[in-house]
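All of the numbers you see were taken from the coordinates with simple rules; none came from a lab. These numbers were taken from a predicted model, which means no experiment stands behind them. Note: ideal-geometry Cβ built from the backbone for every residue, glycine included; neighbour counts use all protein chains shown.
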Amino acid sequence: MICKDRVVAVTGAGRGLGRAHALEFARQGALVVVNDLGVARDGTGDAAEGPAQEVVREIEALGGQAVASTDDIATDDGAAALIATATGTFGRLDTLVNNAGFLRDRMLINLAEDEWDAVMRVHLKGHFLPLKHAGQYWRAESKAGRPVDARIVNTSSGAGLLGSVGQGNYSAAKAGIVGLTLVASAELGRYGVNVNAIAPAARTRMTEEVFAQTMAAPAEGEFDAMAPENVSPLVAWLGSAESRDVTGRVFETEGGKICVMDAFRHGPAADKGARWDPAEIGGVVKGLLAEAPAPEPVYGAS
C-alpha cells in the first residue's frame, strides 16, 4: 500500500498500460482518476465512456475508489478539467501519470502531414497540457503554504530514445517527452514536484501486431514478459512518496527488467581555442568518434 490515500490521475487508462497502471495504483491504496477518450487504436472514432467506466468498475470491485474522465487532455480545457476532476472529487492531486497515445505508423516518405500532427498532438501536447495544469495547481498549493509531495510520471519509449524505423512521428514525439521531462523536473522541483519518465515495452493494442509477428506467446504458467502489468510496479513506485529523491530520470522497463537510461552526456571533445578551418574538422571529428562509444542501433534497422 505504498500509495495509500494518494490521489492519482492516469491518462489513457481505459486499456493497455494505462489500465494496468490504474489498477496497480488502486491495489496500492490510491484514489484514481481514470482518464480515457475511448477512441480506436489510431485515435479515430467518437469518444466513449465505456473503457474508462469499465476500469472504474474494476477498481471498485477491488474495494478501491475511482472516477472516470473522458476529457481530451490534448486540449487546454480538457487538461484543466482532468485536474479539476481530481481535486473536485478527492480534494487534491498527488500524482499525474501521462500515458495517453496512439500510433499512425508510416515510413517517412509516406507519412502524411495529418498523421504527423495527430501523433504529436496526443503524445507531446497530451503530456504538456496536463503537466502544465497540474504544475499550476501544485505551485498554488506551495505558495499557499500547504506541503506538496507530488509526482509526474511521463511515458516515453525506446523509439524515442533510440529511434524506430517506420515510426518517425512517434519517435520524435517520444524523444520530445524526454526533453519535456528534464525541463519539468528542473522547473517544478521548487514546488515539491518530482518528474520522471519511463520507456516501457509491453504487449498492448498499440504493439500487439508487432509482438505477434516477432514473439511466440508464453506457454501456460510461464512468465509473460510482455504483459503490461509488469511495467506498473515501477510506475506506482515513481508515483509514491517513496521516490522523493528521484527526479529527472528515464527508466526503460520490460518484463522483470528495470534499466536507468544514460542518454546524451558530454563525451570526448577537442578545443582549439580558436576558430576551426573546415579542412581541419574531418580528422578531429574522426578522432573524437574513435574515443566515443558507438551508438546503439535504431529499432528495426537492418
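A few notes on this one:
- Annotation: extensible slack from ARG106 through THR89 equals 2.0 nm (criterion: 0.36 nm per residue apart, minus Cα-Cα distance).
- Each Lys and Arg Cβ is given +1 and each Asp and Glu Cβ -1; about its Cα centre, the chain then shows a dipole of about 880 debye.
- Multiplying the residue separation of ALA274 and ALA301 by 0.36 nm and subtracting their alpha-carbon distance yields 5.8 nm.
- Cβ crowding within 10 Å ranks PHE223, PHE90 as PHE223, PHE90, fewest other Cβ atoms first.
- Among SER232, VAL10, THR181 - extreme Cα towards positive end, dipole of the stretch 7-260, charges at beta-carbon: THR181
- Span-like helix ranges in the chain, DSSP H, alpha carbon extent 24 angstrom or more, Kyte mean at least 0.0: 168-188
- Net length gained if the chain between LEU62 and ALA140 were fully extended (0.36 nm per residue, minus Cα distance): 24.7 nm
- Label-zone membership for the stretch 137-181, site ASP5, 7 angstrom Cα→C-beta point, backbone N under 16 Å: 147-150
- Among 100-113, 178-191, the peptide with the highest mean count of other Cβ atoms within 10 Å heads the list, and the full ranking is 178-191, 100-113.
- For the chain, the calculated P(r) over all alpha carbon pairs, in 20 Å bins from 0 to the bin holding the longest distance, is 33, 54, 13, 1 percent.
- Normalised by the number of residues in the stretch 7-260, the average gap of Cα pairs under 8 Å and 6 or more apart makes the relative contact order 19 percent.
- In straight-distance terms, cross-link reach from LYS286 covers every one of the lysines whose alpha-carbon lies under 16 Å from its own, apart from those fewer than eight places away in the same chain; here that gives LYS272.
- Percent of C-alpha pairs per 10 Å bin, the stretch 1-155, short to long: 12, 42, 31, 12, 3, 0
- Antiparallel DSSP beta bridges within the chain, percent to nearest 5: 10
- In range of the label at ALA294: residues from the stretch 155-198 whose backbone nitrogen is under 19 Å from the point 7 Å along Cα→Cβ: 162-165
- Between LYS286 and ASP262, the C-beta separation translates, for a Förster distance of 22 Å, into a calculated FRET efficiency of about 0.40.
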